[in-house]
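Just below is one structure, and these are the notes that go with it.
The values are calculated or read from the model by the stated rules, or taken from the named source; none is laboratory data. Everything numeric in this text was worked out from a predicted model, so none of it was measured. Backbone-built Cβ (ideal geometry, glycine too); neighbour counts: all protein chains shown. Only protein heavy atoms, including side chains, enter the accessible area calculation; ligands, DNA and RNA are left aside. Shrake-Rupley method; radii C 1.70, N 1.55, O 1.52, S 1.80 Å.
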Amino acid sequence: MQPSLLRRSLRLLTVAFLLVAYSTWAAELTITVTDASGTPLPDAVVWAEPNTKLALPVPGTAAVEQKNRQFLPLVSVVQTGTSVSFPNRDKVKHHVYSFSPAKTFELKLYSGVPSTPVVFDKAGTVVLGCNIHDQMLAFIRVVDTPYFALSDSTGKATLSNVPNGPYTLAVWHYAQSNENALFEKAMVVKADEQTAVKLDINTSALQKR
């Protein structure tokens, strides 16, 4: 075999090995979140945080827009260091702010898109409000891991490509009776897994969208 063909064959074999190994070393976690009565809960934030120090990937970007005098989406989850923009799609001005310890900031009365996004550099829950429209409310959960998801209308959240190893699985929902409470569970990821989580929810606090 010619040297060039041999090198190409070796590269293909290496790629194939890595793909097989990665599929063996990484898992998909499916978490179903409900209230105490078993009703599925959308907009629950689910994440898996490694027990060992993790070199986080380069953070991305996200957006929380204002439309029809509401924040959209109601709940966001981002990795620490993510830059979030706050475009105003309404014809009226908004004044976005947060007094949360995880991120205190203020975007004074504006239209359109602010020139500088807000960097969320500390893990925790950030509650958003508008200083002009009191009914406007939204939440951003900042997490120190790239393995996170929001539950859908069926209460299911899927964490994909989670490398094998020890983690703390955490779940948070904005309408919990104790707004600062976290469901936490130690787990060792070895293969695909399904987990059910029940939360104590204050149904009167659920936002109707």
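Brief remarks follow.
- Residues located in region 104-123, provided they are in contact with a Gly (Cβ under 9 Å, 6 or more places away or on another chain) and open to solvent by less than 30 Å² (accessible area, probe 1.4 Å): 120
- Within region 55-77, if we keep just the residues that are open to solvent by less than 10 Å² (accessible area, probe 1.4 Å) and assigned to a strand (DSSP E or B), the residue that is farthest from residue 172 (Cα to Cα) turns out to be 66.
- Strands (runs of 3 or more DSSP E) within region 90-209 that include 2 or more residues of a type outside the set (A, V, I, L, M): 94-100, 103-110, 124-130, 137-143, 156-163, 165-172, 183-189, 193-199
- Extreme residue, farthest from residue 205 (Cα to Cα), among residues of region 88-103 that are surrounded by fewer than 15 Cβ atoms within 10 Å (Cβ to Cβ) and under 21 Å from the mean Cα position of the chain (by Cα): 101
- The set of residues in region 78-87 that are more than 15 Å from residue 149 (Cα to Cα) and either outside any strand (DSSP E or B) or open to solvent by 50 Å² or more (accessible area, probe 1.4 Å) (or both) comprises 81, 86, 87.
The rows are residues; the columns are (1) among the acidic types (Asp, Glu); (2) touching a residue at least 12 places away in the same chain (Cβ under 8 Å); (3) surrounded by fewer than 19 Cβ atoms within 10 Å (Cβ to Cβ); (4) closer than 16 Å to residue 45 by Cα.
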residue	(1), (2), (3), (4)
135	no, yes, yes, no
139	no, yes, no, yes
158	no, yes, yes, yes
163	no, yes, yes, no
173	no, yes, no, yes
185	no, yes, yes, yes
195	no, yes, yes, yes
